[in-house]
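Q: Below is a structure I'd like to ask you about.
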Amino acid sequence: MRGRIKKALSGFYYVDTGEGIVTCRARGRFRKEGVSPLVGDMVEITVSGTEGMVDAIEPRRNVFARPAVANIDQLVIVASNAIPRTDPYLIDRMTAIAALKNCEVLLCINKSDLDRADELCAVYAQAGLPFVLVSAETGEGVEELRERMAGKLSAFTGNSGVGKSSLLNALDPHFSAQVGEVSQALGRGRHTTRHVELYKLSGGAELIDTPGFSSFDTAELGLELKEKLPETFADFAPYLGGCRFVGCSHTKEKGCAVLAAVKAGEISPSRHTSYLRLYNELKDLREWNK
Ligand SMILES: Nc1nc2c(ncn2[C@@H]2O[C@H](COP(=O)(O)OP(=O)(O)OP(=O)(O)O)[C@@H](O)[C@H]2O)c(=O)[nH]1
Ligand SMILES: [Mg+2]
Ligand SMILES: [Zn+2]
């Protein structure tokens, strides 16, 4: 039988076959080969009694380590300018990683009832990144978000406490995903969502809710990103051919067209600061990281 993994938890995979959900284990050879089945994967399973076994994973169109998902059409980066405030670096980093994987990105700025995030909106309007300003609390923007998710498989990502699960509940009240308090003292969420799960929304969209993170990890940073970094910043594209030196790193060179565009206000300083931070994180990666 064939199906899609809709939930992964404690070594069990919940596979939607179209006729129901089969709880599966995965064959031992996956572990030996260093691959794990992921939510979003299309898999071949054999069913015996009420249990199943994942035999094979179909080729993936894309795969992410964090959030751990496969085959998504769109990565929805949920952010907030209210507590817990999202560092724009997180947005720019995820955007670059998604660009490398040819995956669409939608920025979803939540908690508009608390903070309208004018600066963030201005930065991403200028960068040409699609974004929606929403509130899971008041419902502002939720219809627009729903429209942008129609007919697609999307995955939420973002720091803990920005309201990913709250938005899932706002999009389709018949889900009651667990929502957690934000620690005002620490200014961050409490890691309420602990597993990755795919939900079919009424209206046709499919959405994967994922655990939030509190720090940046390096799982997605590799040589390919290092080599293609400037191209993963779409707003740099018009300038990349204009630098004086071939192989310009766009960090400090004389005659750099990207730096000139930042100076002229055509590229936002916040985006270029993220570029520099990512460039420095990637700088020391060597061949063996491949
Ligand atoms: N005022 C306001 N509060 C919100 C909004 N969205 C979510 N919250 C609150 O923010 C807190 C965290 O929400 P969650 O939905 O659990 O956040 P999450 O991103 O799923 O967090 P993790 O599962 O830990 O990654 C809860 O107290 C929500 O009620 C919003 O639009 N406005
Ligand atoms: Mg959550
Ligand atoms: Zn340059």
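Q: For the stretch 213-226, does any single residue satisfy the condition of being open to solvent by less than 50 Å² (accessible area, probe 1.4 Å), within 16 Å of ligand 2 (Cβ to nearest atom) and out of contact with any Leu (no Cβ under 8 Å at 6 or more places or on another chain)?
A: For the stretch 213-226, residues open to solvent by less than 50 Å² (accessible area, probe 1.4 Å), within 16 Å of ligand 2 (Cβ to nearest atom) and out of contact with any Leu (no Cβ under 8 Å at 6 or more places or on another chain): present.
Q: If you don't mind, another one. Can you name every residue in the stretch 37-84 that is free of Cβ contacts under 8 Å to residues at least 12 places away in the same chain, of a type in the set (Gly, Ala, Ser) and assigned to a loop (DSSP other than H, G, I, E, B)?
A: 49
Q: Acidic (Asp, Glu) and assigned to a loop (DSSP other than H, G, I, E, B), is that true of residue 227?
A: no
Q: Could I ask something else about it? Return a yes/no flag: does the stretch 144-161 have any residue that is assigned to a helix (DSSP H, G or I), of a type in the set (Asp, Glu) and surrounded by fewer than 14 Cβ atoms within 10 Å (Cβ to Cβ).
A: Among the residues of the stretch 144-161, at least one is assigned to a helix (DSSP H, G or I), of a type in the set (Asp, Glu) and surrounded by fewer than 14 Cβ atoms within 10 Å (Cβ to Cβ), which makes the answer yes.
Q: Still on this model: Search the stretch 162-179 for residues being away from ligand 2 (no atom under 13 Å from the Cβ) and either touching a Pro at 6+ places or on another chain (Cβ under 6 Å) or open to solvent by 20 Å² or more (accessible area, probe 1.4 Å) (or both), and hand back the single one that is nearest to residue 145 (Cα to Cα).
A: This residue is 173.
Q: A further question on this structure: For a quick check of your reading of the model, give me the residue pairs whose first member lies in the stretch 216-235 and is among the acidic types (Asp, Glu), whose second is open to solvent by 70 Å² or more (accessible area, probe 1.4 Å) and within 16 Å of ligand 3 (Cβ to nearest atom), with beta-carbon atoms closer than 9 Å and at least 6 apart or on different chains.
A: Pairs found: 235/266.
Q: Please identify the pairs in which a residue from the stretch 142-168 that is within 13 Å of ligand 1 (Cβ to nearest atom) has its Cβ atom under 6 Å from the Cβ atom of a residue that is among the acidic types (Asp, Glu) and open to solvent by less than 10 Å² (accessible area, probe 1.4 Å), counting only partners at least 6 apart or on another chain.
A: 156/209; 164/209; 165/209; 168/209
Q: Here's another thing I want to ask about it. Kindly indicate whether any position in the stretch 199-212 is over 23 Å from residue 155 (Cβ atoms) and either in a loop (DSSP other than H, G, I, E, B) or touching a residue at least 12 places away in the same chain (Cβ under 8 Å) (or both).
A: No - not one qualifying residue is present in the stretch 199-212.
Quick grid of which residues meet (1) of a type in the set (A, V, I, L, M, F, W, C); (2) over 21 Å from residue 105 (Cα atoms); (3) in contact with a His (Cβ under 7 Å, 6 or more places away or on another chain):
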position: 150; (1), (2), (3): yes, no, no
position: 156; (1), (2), (3): yes, no, no
position: 201; (1), (2), (3): yes, no, no
position: 211; (1), (2), (3): no, no, yes
position: 215; (1), (2), (3): no, no, no
position: 220; (1), (2), (3): no, no, no
position: 226; (1), (2), (3): no, no, no
position: 229; (1), (2), (3): yes, no, no
position: 235; (1), (2), (3): no, no, no
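Q: Residues 119, 137, 104: which one is open to solvent by 10 Å² or more (accessible area, probe 1.4 Å) and within 16 Å of ligand 2 (Cβ to nearest atom)?
A: 137
Q: Please enumerate the residues belonging to the stretch 216-247 that are under 18 Å from residue 101 (Cα atoms) and among the basic types (Lys, Arg).
A: Answer for the stretch 216-247, where residues must be under 18 Å from residue 101 (Cα atoms) and among the basic types (Lys, Arg): 226, 228.
Q: When residues of the stretch 180-210 are filtered for being near ligand 2 (Cβ under 9 Å from one of its atoms) and either surrounded by 16 or more Cβ atoms within 10 Å (Cβ to Cβ) or not assigned by TED's automatic domain parsing to the domain that holds residue 71 (or both), how many remain?
A: 5
The values are calculated or read from the model by the stated rules, or taken from the named source; none is laboratory data. Everything numeric in this text was worked out from a predicted model, so none of it was measured. For neighbour counting, all protein chains shown are included, and Cβ atoms are generated from backbone atoms with ideal geometry for every residue, glycine included. With ligands, DNA and RNA removed, areas are computed over all heavy atoms of the protein, side chains included. Shrake-Rupley method; radii C 1.70, N 1.55, O 1.52, S 1.80 Å.
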